[in-house]
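The values are calculated or read from the model by the stated rules, or taken from the named source; none is laboratory data. Keep in mind that what you see is a predicted model, and the values were worked out from it rather than measured. Counting neighbours? That spans all protein chains shown, and the Cβs are built from the backbone with ideal geometry, glycine included.
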Amino acid sequence: MQMDKPIRVLIAKIGLDGHDRGAKVIVQALREAGMDVVYTGLRQTPQTIVNLALEQNVQVIGLSSLSGAHMYLFPPVVELLRMRGANDVLVIAGGVISIHDIAYLKEAGISGIFTSGASTVEIVNYIKERV
């Protein structure tokens with residue numbers, strides 16, 4: 001009997017945001033749900049995130065930002081993935097994101113957006129349903 005491989009996820013703290021407690025909670029929840037999770041640590045660039053995601057052969061990138069720079073930092077991740085031919089990588093995001101920014105981010109290719117207070121169960125289910 002062959003077991004399915006676990007979903008591979010990269011959780012990335014993008015930009016100069018130095019707060020990572022929420023990202024670490026997500027990492028733990030995804031691991032407890034059986035996913036294989038890589039955590040980048042703080043202060044990553046879009047290029048570094050995409051390079052690591054491709055090296056690690058992940059199916060999902062989860063971006064986290066509490067600094068308010070999501071409008072400028074999240075879309076380049078999707079663009080770089082497209083430029084590298086990795087259109088099948090699901091990109092989700094979380095953090096302090098205004099409801100007014102969600103439509104723009106979705107148009108830019110961010111599949112799922114989870115604002116502060118989103119449940120870990122909701123995030124786990126979102127990933128499992130789409131991968």
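Below are the figures for this structure:
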item	result
Enumeration of residues in the range 98-131 that are within 14 Å of the chain's Cα centre (by Cα) and either of a type in the set (Val, Ile, Thr) or on the phi > 0 side of the Ramachandran plot (or both)	Gly109, Ile110, Ile113, Thr115, Thr120, Ile123, Val124, Ile127, Val131
Subset tally (residues that are in a loop (DSSP other than H, G, I, E, B) and surrounded by 16 or more Cβ atoms within 10 Å (Cβ to Cβ)) for the range 1-38	6
Selection count where residues are part of a loop (DSSP other than H, G, I, E, B), within 23 Å of Pro6 (Cβ to Cβ) and at pLDDT 95 or above, scope the range 41-83	4
When residues of the range 98-130 are limited to those that are at pLDDT below 95 and among the aliphatic types (A, V, I, L, M), the one surrounded by the most Cβ atoms within 10 Å (Cβ to Cβ)	Ala118
Long-range neighbours under 7 Å by Cβ, at least six apart or interchain, first residue under 21 Å from Tyr72 (Cα atoms) within the range 30-54, second aliphatic (A, V, I, L, M) and surrounded by fewer than 16 Cβ atoms within 10 Å (Cβ to Cβ)	Arg43/Leu16
Which listed residue, of Glu129, Glu122, is closer than 22 Å to Asp20 by Cα and either free of Cβ contacts under 8 Å to residues at least 24 places away in the same chain or not small (Gly, Ala, Ser) (or both)	Glu122
